[in-house]
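Data block below; observations after.
Computed from the coordinates by the stated procedures, all read-outs in this text should not be read as laboratory data. The structure displayed is predicted, hence computed values, not measured ones. All Cβ positions, even for glycine, are placed from backbone atoms using ideal geometry, and neighbour counts span all protein chains on display.
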Amino acid sequence: MKAGFYQFGPVFGDTGANLDKALNALSSEEYDLIVLPELFTTGYQFTSEEEVSYLSEKVPDGPTTASLARLSVEKGCYIVYGIAEKDGEQIFNSAVICGPDGYMGTYRKTHLFFEETLWFSPGNSGFKVWDTEIGRIGIMVCFDWFYPESARILSIMGAEVIAHPSNLVLPYCPDGMPMRCLENSVYAITANRTGTEDRHEDKKALTFIGSSQITGTKGEIIHRASGTNDEIHFEELDLELARSKDFNQYNNIMKDRRPDLYGKLTDDLNDDNS
Ligand code: ACM
C-alpha cells in the first residue's frame, strides 16, 4: 500500500481556498491512501458558536465531501480528512473516509481537546474500521492518541493502518505514536498542520507543530515531516506486518491480553460512586 499525508497550513475561515489547495496537491500524485489534517478546511481556533456553525458543513452532502469523494473516485484511491461536521443542531469534530466508490463513512472525534469542548459535541460514532481492498483502515483524530484505548480498540477491530488527522500544538504526539504502534503492531499516519492562529485578543496564539509522521508496526519512525513546511509524502507499507500479532513463539500481543483483569479500565470516574 502506498500511503502518506499532506501537511500544510490552512488559512482560518477560508474554506474554499483551503479545499482548493488540498485538491491541487492531491490531484497531482499517485497513491492508495492519503490523510489530511484535522479541520483542514476551517482552521482551528474558533471564537464563537456562530463562527463554528457558519463554517461547518454537512457530511456527505457538503461541498468538501462532494469534492473529495469525486477525486477519490477519479483516482481510485482512499482519502481521509478532518472536517467540522454539522448534523442538525450539533457540530462534531469529524474525520471522513472516501474511496473508489465515493463517500464511505464518518468518525466523530471521541476525546475533544482544550477549547474544542466549547464548540463541538463529543463524538458519538464510536471507533470504526473500514475493510477495504487495500487493507483495513481505522481512524482516530488528534488527541484521541493520548488515550491508548483508541488505538487499542481500532487494532482489536482489525485496523492495519490508523489514519490520524491532527492539529497538534503540544510536542508529545510524534514521540508517543511509536509506542501506540508497537503495542498494537499497527501502522499510523499522523497528518498534522503547520502555522499559527492568533484569533483572540486575550488568549494565547496557537502554533501547530507540523512533524506529520508515518509510524511502523515496530514503533519505528518511517518518516517525520518538518515542523514548518508544506509537505506531501508517501511510503510503501507492508500491511502483512500489521496482520500478525505474534511477538515471538510464546506471545501474541492481542491474544495475551487479560480483559478478565481490566475491569477498572471501563469505570466511569465521573460517577461519584466510583
Ligand atoms: C488536538 O486534539 N487537536 C490536539
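Quick notes on this structure:
- Odd one out for residue 243, checked against (1) in contact with a helix residue (DSSP H, G or I) (Cβ under 6 Å, 6 or more places away or on another chain); (2) over 20 Å from residue 21 (Cβ atoms): (1)
- The set of residues in region 236-245 being within 16 Å of residue 163 (Cα to Cα) and surrounded by fewer than 16 Cβ atoms within 10 Å (Cβ to Cβ) consists of 236, 238.
- Number of the exception - residue 146 against (1) over 19 Å from residue 2 (Cα atoms); (2) touching a Lys or Arg at 6+ places or on another chain (Cβ under 8 Å): (2)
- Among the residues of region 83-95, the ones that are touching a helix residue (DSSP H, G or I) at 6+ places or on another chain (Cβ under 8 Å) and surrounded by 24 or more Cβ atoms within 10 Å (Cβ to Cβ) come to 3 in all.
- With respect to the conditions (1) within 12 Å of the ligand (Cβ to nearest atom); (2) loosely packed, with under 15 Cβ neighbours inside 10 Å, residue 206 lacks only one, and its number is (2).
- Check on residue 228, out of contact with any Gly (no Cβ under 7 Å at 6 or more places or on another chain), polar (S, T, N, Q) and more than 16 Å from the ligand (Cβ to nearest atom): no
- Hey, residue 221 more than 16 Å from the ligand (Cβ to nearest atom) and under 19 Å from residue 148 (Cβ atoms) or not: yes
- Odd one out for residue 54, checked against (1) closer than 13 Å to residue 84 by Cα; (2) touching a residue at least 24 places away in the same chain (Cβ under 8 Å): (2)
- The set of residues in region 129-158 that are touching a residue at least 60 places away in the same chain (Cβ under 8 Å), crowded, with 22+ Cβ neighbours inside 10 Å and either assigned to a loop (DSSP other than H, G, I, E, B) or within 16 Å of the ligand (Cβ to nearest atom) (or both) comprises 141, 142.
- Residue in region 111-128 that is out of contact with any Leu (no Cβ under 6 Å at 6 or more places or on another chain), within 24 Å of residue 231 (Cβ to Cβ), within 16 Å of the ligand (Cβ to nearest atom) and assigned to a loop (DSSP other than H, G, I, E, B) present: yes
- Residue in region 37-49 that is surrounded by fewer than 17 Cβ atoms within 10 Å (Cβ to Cβ), touching a residue at least 12 places away in the same chain (Cβ under 8 Å), of a type outside the set (A, V, I, L, M, F, W, C) and farther than 22 Å from residue 104 by Cα present: yes
- Counting the residues of region 159-181 that are within 14 Å of the ligand (Cβ to nearest atom), under 28 Å from residue 256 (Cβ atoms) and either of a type in the set (Ser, Thr, Tyr) or in a strand (DSSP E or B) (or both) gives 2.
- Restricting the search to strands (runs of 3 or more DSSP E) fully inside region 182-240 and requiring at least 2 residues that are at negative phi and under 15 Å from the mean Cα position of the chain (by Cα) gives 187-191, 213-215.
- Positions within region 96-128 being surrounded by fewer than 20 Cβ atoms within 10 Å (Cβ to Cβ) and among the small types (Gly, Ala, Ser), in sequence order: 102, 105, 121, 125, 126
- Residue match in region 164-180 (condition: among the hydroxyl-bearing types (Ser, Thr, Tyr), more than 16 Å from residue 33 (Cβ to Cβ) and surrounded by fewer than 24 Cβ atoms within 10 Å (Cβ to Cβ)): yes
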